[in-house]
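Report on one structure; see the data block that follows.
The values are calculated or read from the model by the stated rules, or taken from the named source; none is laboratory data. None of the values given here were measured: they were computed from a predicted structure. Backbone-built Cβ (ideal geometry, glycine too); neighbour counts: all protein chains shown. Side chains included, ligands, DNA and RNA excluded: accessible areas come from the protein's heavy atoms. Shrake-Rupley method; radii C 1.70, N 1.55, O 1.52, S 1.80 Å.
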Amino acid sequence: MGTGTGVGKTHVSVALVAALAARGAQVSGLKPIESGVDGASTTDADQLALVSSIEPEAAPYRFAEPVSPHLAARRCGVAISLDVATAWVARQPAPVVIVESAGALLSPLGPGLANADLVRALAPDALVLVGLDRLGILHEVASCLLVLRALAPGLPPALVVLNPPAAVDASTGTNAGELESLGITSNTVVMPRAAPTAPASLASAQLALARLGL
């Protein structure tokens with residue numbers, strides 16, 4: 001899950017799946033809901049499948065328009081169902097799955113339905129919140145963690161993973177420490193600016209997995 005759209009959830013998810021697969025784990029990277037699937041370019045789900053040691057089934061919700069999934073679904077006359085999404089995740093044969101959400105934590109999936117509801121319905125053993133290492137991330141992480149505590153108090157605390165932004169600012173490189181020193185979170189990992197399967201990225205992914213107890 002992410003603090004926003006375009007914060008690098010797929011980058012982190014691919015690195016985590018690749019790091020697990022490199023250990024010999026039977027793992028699948030999943031994205032049950034995705035928009036912008038044009039049939040020509042490589043999708044987020046495609047990237048996850050490429051590094052999975054067990055290839056997942058095709059996701060139940062794949063929409064062509066590059067808009068919010070709730071809008072893409074509405075335009076197709078489809079209602080996104082949590083039951084369908086969670087059942088699809090549950091029937092994947094891999095004993096370990098990494099599930100990437102479509103958009104940010106509170107991005108809508110339909111009327112009265114958001115990614116936070118999907119997270120709660122999946123009841124994962126571990127949570128990762130992805131954001132960008134730039135000005136504003138302290139508020140974004142604090143807000144998302146507050147939402148999780150309010151809506152899903154039974155879930156484990158989220159590990160925060162920060163990706164480097166395309167354009168650094170004066171706060172870049174300080175935000176992980178600030179998140180911890182301010183007490184917003186005690187668990188932060190910073191990803192390098194590298195391909196998700198590059199050695200440096202895999203090293204950060206392995207650190208993240210260790211922090212998650214995986």
All but one of (1) open to solvent by 60 Å² or more (accessible area, probe 1.4 Å); (2) free of Cβ contacts under 8 Å to residues at least 12 places away in the same chain hold for ALA64; state the number of the condition that does not hold. (2)
Picked from region 30-61 (must be of a type in the set (Val, Ile, Thr) and closer than 21 Å to ALA114 by Cα), the residue least open to solvent (accessible area, probe 1.4 Å) is ILE33
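Table: residues versus (1) touching a residue at least 60 places away in the same chain (Cβ under 8 Å); (2) closer than 29 Å to THR86 by Cα; (3) surrounded by fewer than 17 Cβ atoms within 10 Å (Cβ to Cβ).
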{"position": "LEU129", "(1), (2), (3)": "yes, yes, no"}
{"position": "GLY136", "(1), (2), (3)": "no, no, yes"}
{"position": "LEU145", "(1), (2), (3)": "no, yes, no"}
{"position": "GLY173", "(1), (2), (3)": "no, no, yes"}
{"position": "ALA176", "(1), (2), (3)": "no, no, no"}
{"position": "ALA200", "(1), (2), (3)": "no, no, yes"}
Looking at region 12-50, which of its residues are under 15 Å from ALA208 (Cβ atoms), in contact with a strand residue (DSSP E or B) (Cβ under 8 Å, 6 or more places away or on another chain) and of a type in the set (A, V, I, L, M)? VAL12, VAL14, LEU16, VAL17, LEU20, ALA21, ALA25, VAL27
How many residues does region 69-110 hold that are outside any helix (DSSP H, G or I) and either free of Cβ contacts under 8 Å to residues at least 40 places away in the same chain or open to solvent by 40 Å² or more (accessible area, probe 1.4 Å) (or both)? 13
For region 59-80, how many residues are of a type in the set (A, V, I, L, M, F, W, C) and within 18 Å of the chain's Cα centre (by Cα)? 2
Test for THR10: is it part of a loop (DSSP other than H, G, I, E, B) and either of a type in the set (Ser, Thr, Tyr) or closer than 30 Å to HIS139 by Cα (or both): no
On the basis of being on the phi > 0 side of the Ramachandran plot and open to solvent by 30 Å² or more (accessible area, probe 1.4 Å), does GLY8 make the cut? no
Under 9 Å between Cβ atoms, which residue pairs at least 6 apart in sequence (or on different chains) link something in region 17-39 that is at positive phi with a partner that is open to solvent by less than 30 Å² (accessible area, probe 1.4 Å) and aliphatic (A, V, I, L, M)? GLY36/ALA72
